[in-house]
Amino acid sequence: MKRFSVSDYVHEIEKNNLLIQTSCPIEAGDVVVKKVSYHSNDVTENTLFVCKGAGFKEEYLDMAIAKGAVAYISEKDYHKDIPCIMVSNAYQALSLVARMYYNDPQQNLKLIGITGTKGKTTTAFFVKHILDEYLRARQLPEAAIITTDAVFDGRNRISSNLTTPESLDLQKYFFNAVNNNTQYMIVEVSSQALKYGRVYGVRFDVGVFLNISEDHISSIEHADYNDYFASKLKLFDSCVTACVNLNSDEVAKVLAAAQKADRVITFSIGQAADVHGYNVIDDPFEPVFYAKTDLFNKKFKLKMSGTFNIENALAAMAVTYSLGVPEKYIYAGLSKAKVQGRMDKYTSKNGDKVVVVDYAHNKLSFNKLYDAVQKQYPGRKIITVFGCPGEKAISRRRDLGLISGLRSDKIILTMEDPGTENIREICEEIAQYVKQNNNDYEIVEDRAEAIRRAILLPEPNTVVLITGKGDERYQRIGKKTIKYPSDVDNAIRFLAEYETMTRLKKVN
């Protein structure tokens, strides 16, 4: 890997109009940078250190200097004994130097970026399944992917707890993919990543806009819906082909922003689009639909139920169609695609208890989930188990409380990544909105116990919805991320307990 000097990084920052000033003498500028880091505990000799984040403290810079930092990038001059590269935006500067440090790996990758309020992970895996079919036929390595759930960078499979990684980690994943001869990388791109510059300077070959609904509104995320929406639209600032869902809210504004791309491809259910879905049969287990482009008109079947997953499938079609993937691989990939923790269904042997695990965690996804379940299981009682995260997306507590109270027969509120907030206080805040429509609710702080209670309730003909975490195997509690059984694991475990309990009752 080629090494650059401090001056080389200064020139790159200056070229992108981020440099305010620098106190870098010639001799310091000639020093070769061996590492770039924004963690003081990860600094070694000849590190270029980046001071970023609202929680940054000067003592972190002192620690970095003591460990071998030779220069630092910052929005403030701390007047230390090493050069300060003062910039207008430290996040964007980090993204630039990360890309340079890893020798601009995106030059040798086809990058697909996916944003939207709902469906990013499912769409990303749909795209991967299609591309993997195509790549396997050409005897090439499978596609790399970065999602909320997991990362595969062509070499390593890593669990994830951040939708879009920090820019330095992102570029490392790109670098690993290139070194493994990986051709494609699929990236979930969050509104936070777009707003704060984690993908600054990244050029996506294909950018996908799925949908938009109010979410992530809080003092540490987006001040309001307009800020959230504007952040999402930034994806089009840096993509070659834009794929747009004509069924999305605000579609006129989305299409206007998409004109920044060299090419726009539309997809839709029921509307004329470049990738047009029609004749939808929303089967409870394997939805069927037709899709038409200028190259094919064919019947498709999915392993994941819900009309919203057909939208995700059409998005994946639009991506792979734009990349020139033949229809037979699109068909093969979608016919096999299944994403753990997304509309996962588990049914008791006698069929009276259905457990659905889904990642639904905002207003849009909640409504779509209830639509799908009520259509597939008309007349059944619905028990919903969910919570809301601490410290962020505060509006979800109102939205999900109101929706669940209106559309569930019973609600069990529980923990969902509470962070430094009190679990019961979060649940009580949600409950204020639940009881506007429904008084049949309870708070069970331990998530596993909440799931157990919901499944073991002696209510026949019920659907238990477990939402928000899918197959994630952690909880953020306090300042730590701890291991915790996934909702999928708990659903399987407690449905087996329900089967045993039912069998024993019959014997007695």
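The values are calculated or read from the model by the stated rules, or taken from the named source; none is laboratory data. Since the model is a prediction, treat every value here as computed from it, not as a measurement. Ideal geometry is used to build each Cβ from the backbone, glycine not excepted, and the neighbour counts take in all protein chains shown.
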Exercise. Is it the case that the range 188-197 has a residue that's in contact with a Gly (Cβ under 7 Å, 6 or more places away or on another chain) and either outside the structural domain of L400 (by TED's automatic domain parsing) or not charged (D, E, K, R) (or both)?
Worked result: yes
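Quick one: in the range 18-34, of everything that is touching a residue at least 60 places away in the same chain (Cβ under 8 Å) and within 32 Å of the chain's Cα centre (by Cα), which residue is nearest to Q171 (Cα to Cα)?
Per the stated criteria, the residue is L18.
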For this session: Name the residue, out of T122, T148, that is within 24 Å of K480 (Cβ to Cβ) and at pLDDT below 95.
Result: T148
Exercise. Across the range 333-371, what is the total count of residues that are closer than 15 Å to N211 by Cβ and not hydroxyl-bearing (S, T, Y)?
Worked result: 10
Exercise. With respect to the numbered conditions (1) surrounded by 18 or more Cβ atoms within 10 Å (Cβ to Cβ); (2) in contact with a helix residue (DSSP H, G or I) (Cβ under 9 Å, 6 or more places away or on another chain); (3) modelled with pLDDT of 95 or more, which one is the sole condition not fulfilled by I423?
Worked result: (2)
Seminar exercise, completed: For the range 322-381, the count of residues that are part of a loop (DSSP other than H, G, I, E, B) and of a type in the set (D, E) equals 1
For this session: Assess whether E58 counts as being assigned by TED's automatic domain parsing to the domain that holds P83, over 30 Å from K479 (Cβ atoms) and among the acidic types (D, E).
Result: no
Problem set entry | Residues (part of a loop (DSSP other than H, G, I, E, B), in contact with a helix residue (DSSP H, G or I) (Cβ under 8 Å, 6 or more places away or on another chain) and surrounded by fewer than 23 Cβ atoms within 10 Å (Cβ to Cβ)) located in the range 118-148 | P141, E142, T147, T148
Problem set entry | Qualifying strands (runs of 3 or more DSSP E) (wholly inside the range 1-99; at least 1 residues being more than 18 Å from E166 (Cβ to Cβ)) | 19-22, 69-74, 84-87
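Having 2 or more residues that are within 18 Å of V208 (Cβ to Cβ), touching a Ser or Thr at 6+ places or on another chain (Cβ under 6 Å) and among the β-branched types (V, I, T) is the bar; report the strands (runs of 3 or more DSSP E) wholly within the range 226-288 that clear it. Working first, answer last.
On the way: elements: 239-245, 263-269, 275-281.
Once the strands (runs of 3 or more DSSP E) in the range 226-288 are filtered for at least 2 residues that are within 18 Å of V208 (Cβ to Cβ), touching a Ser or Thr at 6+ places or on another chain (Cβ under 6 Å) and among the β-branched types (V, I, T), what remains is 239-245.
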Exercise. Counting only residues that are buried (at least 18 other Cβ atoms within 10 Å of the Cβ) and out of contact with any helix residue (DSSP H, G or I) (no Cβ under 7 Å at 6 or more places or on another chain), which one in the range 435-452 is farthest from I382 (Cα to Cα)?
Worked result: R447
Exercise. Does V199 satisfy the condition of being among the β-branched types (V, I, T), under 22 Å from D104 (Cα atoms) and within 13 Å of the chain's Cα centre (by Cα)?
Worked result: no
